[in-house]
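Values quoted throughout were computed directly from the atomic coordinates according to the rules given, and no laboratory measurement underlies them. Source: prediction; values computed, not measured. Methodologically, a virtual Cβ is constructed for each residue, glycine included, from the backbone with ideal geometry; neighbour enumeration extends over all protein chains shown.
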């Protein structure tokens, strides 16, 4: 009983923070570019691509685990010329669901990105986003203290919960903007594991949401999140290898998150599949091994969060599985400036 009480408190705190922060928690943040930085919109080789992702948390300790489903799609709406860079558009759709109440969050985001060549080695990109989302909850499967029947020593769903002015949904809106700078050597060629590239970005997210959630939607909070991220590419062409180091820091009010690690990529020839193997560390929280495969027009990524935080003292096996699949629709190669 002590274990389940602790779990209930932890989950309540976790979901409360999620509601307040409106934060997406993906270990493969580098494979969900529209959620990381609007300026990353359209930064890929090709004309259009789409990706789906899925994350499952708390499956070992919950009959209704915390699940996240997502979809991203991007395309170039104006090709680059000698004087200007490409203009890109993207959309992202997300849905979270957890618990017996089917506590659900859905969100839709529209994103625009533009990149400009400064000189042969330096490139600058910028992007903006706007989105809206809604929270829903189903009270049919929940029990309240006022529904406890002392005569039968059990909960009675037929009794009133006596909760005042309770609602089953509320909405929120968000806007964001970001910039990204890229440096690359003259011999950089990702398909050949050659050269060096360094991308560094900054994004700011501002959310407008009701102050008092499901009880009273009067007024709104204006909440701000920022994210700084860097990704490198170090080609080891003679060995058909590349090292891709990454670091991401996000801050939100009094909370923050630091993720760092690297992926080793092997590609025998320009036309062959690429095999990726990586490991990432989310500070004071989890170690995340990653396996990826790139072949033809597909990209597959699988990661598994191994929790190392103090929560394991009370609730073991609080790990997470994440899967990401991307498909490039292009029949001809339209190169990204980045």
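FRET efficiency for the residue 293 to residue 138 pair, using the beta carbon distance and R₀ = 51 Å, is estimated at 0.85. Taking 0.36 nm per residue of separation and subtracting the Cα-Cα distance, full extension of the segment from residue 224 to residue 161 would add 19.2 nm. Of the residues 279, 227, the one with the fewest other Cβ atoms within 10 Å heads the list, and the complete ranking is 279, 227.
For segment 124-165, report the translational diffusion coefficient in µm²/s to the nearest whole number, using Stokes-Einstein at 10 °C, 1.306 mPa s, and a Kirkwood Rh over Cα pairs. This corresponds to a translational diffusion coefficient of 113 µm²/s. Please work out the FRET efficiency for the pair residue 154 and residue 67, using the Cβ-Cβ distance as r and a Förster radius of 22 Å; give the result to the nearest 0.05. E between residue 154 and residue 67, to the nearest 0.05, is 0.15.
Overall shape: prolate for segment 226-333, with the ratio a/c of the largest to smallest alpha carbon gyration tensor axis at 1.5 or above and a/b above b/c.
Neighbour counts of C-beta atoms inside 10 Å place 271, 82, 231 in the sequence 82, 271, 231, starting with the fewest.
Here the residues 41, 318, ranked from fewest to most Cβ neighbours within 10 Å of their Cβ, fall in the order 318, 41. One chain, two ends: residue 81 and residue 237. Fully extended at 0.36 nm per residue, the span grows by 53.2 nm beyond their Cα-Cα distance. In this label model, residue 183 and residue 206 are separated by 3.1 nm, measuring between points 7 Å along each Cα→Cβ vector.
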